[in-house]
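Asks: For reference, the structure I am asking about is given below.
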Amino acid sequence: MKKISIILFGLIALLTLNFSISGSRSTFSYSDSEEKDTLTILQPLNHYKTESQLLVSLLSRYHYKQVEIDDSLSEKIFNRYLKVLDNGKNYFLKSDIDKLISYKDKLDDNLIDGNLDFYFETFNLYRQRFNERLQFIDSLLNTEFDYSADENYQYNRDKANWAKDKSELDELWRKRLKNDALTYKLNGKDWEFIQKTLRKRYKNLANFINQYKPEDVFQFAMNSFTENIDPHTNYLSPVSSENFKIDMSLSLEGIGARLQTEDDYTKIVEIIPGGPAYKSGLLKADDKIIGVAQGNDGEFEDIIGWRITDAVKLIRGKAGTTVRLQIIKAGSDLNSKPIEITLVRDKIKLEDQAATGKVLEILNDDKPFRIGVIDIPKFYSDFEAQRNGDGDFRSTTRDVRKLIDSLSKENISGIIIDLREDGGGSLQEAIELTGLFIKDGPVVQVKNSDGKIDVAKDPDSQIVYDGPLAVLVNRFSASASEIFAGAIQDYQRGIIIGEQTFGKGTVQNLIDLNRVSSNKKNTLGQLKITIAKYYRVSGASTQNRGVIPDITFPSAIDPKDFGESAEPSALPYDEIKPASFNKFEDIKKFIPELLTKHQARISNDKDFEFLKEDIRIYQENKLKESISLNEDKRKIEKEDEEQRKSDRNAEIISNSDIELLDGEIPVTNNQKKDFILDETGKILSDLILLTSG
């Protein structure tokens, strides 16, 4: 490994701010001019060399973990970059990979030298191979497919080899297109529609790829490097940096969902609290959006294969306008009929994300209980109002304090803090909220890259609520949510119920490269870099492992597939010295009996039986790697699945007043029935009975 030598200007001051082809050597010359023709060979711009060297230096010096720029990292960068471009192994040939393989152990030194040949050579070859596919697709769609043949399409190609030649790749694409066509046919579409839609889909995708600029390729390259260090360390190009700023101020206007691309699909990764998607209850993380239509009668645009930026532009819009989405629900197989939902775009206001309270009335062992429920979609604080001197500014802790006062007047016997889907927010609010339920003491420990540990303490010695407490979490509870839940568990202040949480226990800062570089001629991007790690007062990290509930509910989400532990480069779980604190009580002694009562109760509960069945089907679908291309077989599979859903619908609707989504498992009207929350209330009431009689 070569020694890094680059001068950093003003870096120390900046870091104190707290921001919540062929295998042969390329002969590319560097140029600051953009290409005039979209199919001109893309070349790195001149300043990318020093910008990449600056990134290497920053990460080597200031990332939380010690970054080793060596051959091991080189191989990881090589593999990740190929995956970024051709995740399904649908374009490159084995001969292409054989030629590129010479770079596999050279990318570490190339980064230090600012040599970007590999990335641009590989991208140009990828674009060439894609356009070759487009010609084949166009000719293939001239004739309708024969759906009587007994053959399968392998859609999961994680373990597949690269196609050995063009003939093998042609066969792969024939089956891919045939599967696309058969899926449409089984949903009632004729060949004319199928032919037109698929041609348009791949033409649109080609337009996107052929419009990529050097800046896009450079961003792909740098993130293939940074995201091998940890998944939350990212490079943002100048355009992406500007979009990031726009997103922070305008992303709250639209449907209220964070999206990403996965295997040609636009997938929902987070529902933003308070937005139209959140309020509707119709969209969940891992759902896939395959079509978008404007207004109540606009024509659907197929967005399979679109760049995420272009898909977002189509989905986002002005508040008050209507958008219709075609959705493939999470866990569904390729036979599933897409459902159509209608949302009215809106701008999310602080009050839409604010904590809310209600009283849950339940019956347990023939005894009535009134349980207070406080739903916290996000840890928020109106910093602007606070800066302006508004003494009544909104924040999570202030709002929850008021809700506790209000609920206490409702003759409640316990409180549930509902943190499901709460992706985090203000660290200070997580600390202060914990303080409402404990007298005093540390709440979270923060270990910096220099090894220094800071302990954040409850700023208020007053306990606002000292009664029975439960915290309800799921896999989408992250960051600040995990800090609160972890503190409540460590203090044994309440019981944690639900699913293992996300596991994000790292802290990032945003560095504007323009402020630390001597290059004033060109506009540089930004680096989001991990600089610290959170630890619970027990000394355990929330990183990677998250918070393990005292009582765990069945979950379709495997931690290996979603969450921090699903990321190969995620920082590991570890422990530090515990902080000094006094436990509230010995609540753990009640957990075995609470668990026994819970398991006995759900063993005959229809809702939990349905949940377990859904989990089984979801996991079976995940294990599938191929699908039949025989129309008769697919019809039988589709009919069986639709019959299962119909039987489920009939059973549920016979006992409930509900609204149905076409072809889907029923959901309750305005989520009147939340069996997860009901069972949480019963567990808390069990605790009340055990502790008070």
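Only the coordinates and a few stated rules stand behind these numbers; no lab work does. Keep in mind the model is a prediction, meaning the values are calculated, not measured. All Cβ positions, even for glycine, are placed from backbone atoms using ideal geometry, and neighbour counts span all protein chains on display.
Asks: With all pairs of different alpha carbon atoms counted, what Kirkwood hydrodynamic radius in Å does region 450-492 show?
Replies: Across region 450-492, the inverse of the average 1/r is 12.8 Å.
Asks: Still on this structure, I have one more. Sticking with the crude label model, points 7 Å out along Cα→Cβ, report the distance from residue 207 to residue 567 in nm, one decimal please.
Replies: Taking the two extended label points, one gets 3.4 nm.
Asks: Which value, to two decimals, describes the C-alpha radius of gyration of region 406-541 once divided by 2.2 N^0.38 Å?
Replies: Taking the Cα Rg and dividing by 2.2 N^0.38 Å, one obtains 1.28.
Asks: Where the eigenvalues come from the Cα gyration tensor of region 538-663, what are the semi-axes √(5λ) of the equivalent ellipsoid, largest first, in whole Å?
Replies: On the way: eigenvalues 307, 120, 24 Å².
Semi-axes (√(5λ), whole Å): 39, 25, 11.
Asks: Could you run the Karplus curve 6.51 cos²θ - 1.76 cosθ + 1.60 with θ = phi - 60° over region 404-420 and give me ³J(HN,Hα) per residue in whole Hz, x for Gly and Pro?
Replies: 4, 4, 5, 5, 4, 7, 9, 6, 7, 10, x, 10, 10, 9, 8, 10, 4
Asks: What is the fewest-to-most order of 113, 108 by other Cβ atoms lying within 10 Å of their Cβ?
Replies: Lowest count first: 113, 108.
Asks: Moving on. Treat the count of other C-beta atoms within 10 Å as a stand-in for reagent exposure and order 306, 191, 162 from fewest to most.
Replies: So the ranking, lowest neighbour count to highest, is 191, 162, 306.
Asks: Please report, for the Cα atoms of region 253-347, the Rg to one decimal and the Dmax as a whole number; what are they, in angstrom?
Replies: My reading of the Cα-based Rg and Dmax gives 12.0, 35 Å.
Asks: Hey, another quick one. May I ask you to list the residues of region 413-431 whose amide nitrogen lies under 20 Å from a point 7 Å from Cα along the Cα→beta-carbon direction of residue 361?
Replies: Once the point is set 7 Å along Cα→Cβ of residue 361, 413-416 turn out to lie under 20 Å by backbone N, inside region 413-431.
Asks: In nm, give the distance between the simple-model label positions of residue 518 and residue 453, each being 7 Å from the Cα along the Cα-to-Cβ direction.
Replies: 4.1 nm
Asks: While we're here: May I ask you to derive the FRET efficiency for residue 322 and residue 40 from their Cβ-Cβ distance with R0 = 51 Å, giving the value to the nearest 0.05?
Replies: FRET efficiency, residue 322 to residue 40: 0.80.
Asks: Would you calculate the separation in nanometres between label points at residue 156 and residue 678, each defined as 7 Å from the Cα along the Cα-to-beta-carbon direction?
Replies: 3.4 nm
Asks: Can you tell me the relative contact order of region 251-306? Whole percent, Cα pairs under 8 Å, sequence separation 6 or more.
Replies: Reported relative contact order: 32 percent.
Asks: Ordered by packing density, taken as the mean number of other Cβ atoms within 10 Å over each peptide's residues, highest first, how do 416-423, 464-471 rank?
Replies: 416-423, 464-471
Asks: Between residue 575 and residue 370, take the C-beta separation as r, use R0 = 35 Å, and let me know the FRET efficiency to the nearest 0.05.
Replies: Calculated value: 0.30.
Asks: Now a separate question. Quick one: 270, 68, fewest Cβ neighbours within 10 Å first, how do they rank?
Replies: The fewest-first ordering by Cβ neighbours comes to 68, 270.
Asks: So for region 350-602, Kirkwood radius off the Cα pairs, Stokes-Einstein at 4 °C and 1.567 mPa s: how many µm² s⁻¹?
Replies: In µm²/s, the coefficient is 66.
Asks: Can you give me the Kirkwood hydrodynamic radius for the chain, using every pair of distinct Cα atoms, in Å to one decimal? Provide the component values of the computation, followed by the final result.
Replies: Details: mean 1/r = 0.0361 Å⁻¹.
Evaluated over the chain, this radius sits at 27.7 Å.
Asks: Also: Can you list the HN-Hα couplings for region 103-118, worked out from phi with the Karplus curve (6.51, -1.76, 1.60; θ = phi - 60°), rounded to whole Hz and with x for Gly and Pro?
Replies: Residue by residue, region 103-118 yields 7, 4, 10, 10, 5, 5, 5, 4, 4, 5, 7, x, 8, 10, 4, 3 Hz.
Asks: Follow-up question, since we're still on this one. Would you pull out the residues with amide H under 5 Å of residue 305's amide H, same chain only if 5 or more places away, H placed 1.01 Å from N?
Replies: Amide H neighbours of residue 305, under 5 Å, 5+ apart: 265, 266.
Asks: While we're here: What is region 350-602's relative contact order, in percent, from Cα pairs under 8 angstrom and six or more apart in sequence?
Replies: Once divided by the residue count of region 350-602, the mean separation gives 16 percent.
Asks: What ranking, highest mean first, results for peptides 147-154, 396-403, 629-636, 228-235 when packing means the other Cβ atoms within 10 Å averaged over each residue?
Replies: Ranking, from highest mean packing down: 228-235, 396-403, 629-636, 147-154.
Asks: So how do 503-514, 640-651, 122-133, 95-106 stack up, highest first, on mean other-Cβ count within 10 Å? Let's see the in-between values first.
Replies: On the way: 503-514: 21.2, 640-651: 13.2, 122-133: 19.0, 95-106: 16.3.
The densest-packed peptide leads the list: 503-514, 122-133, 95-106, 640-651.
Asks: If you average the C-alpha positions of region 470-541 and of region 587-608 separately, how far apart do those two centres end up, in angstrom?
Replies: Value for the Cα centre distance between the two parts: 31 Å.
Asks: Per DSSP H run of n ≥ 4, the term is -39500 (n - 2.57); total these for the chain, divide by its residue number, and report the mean residue ellipticity at 222 nm rounded to 500 deg cm²/dmol.
Replies: Counting only the DSSP helices, I get -12000 deg cm²/dmol.
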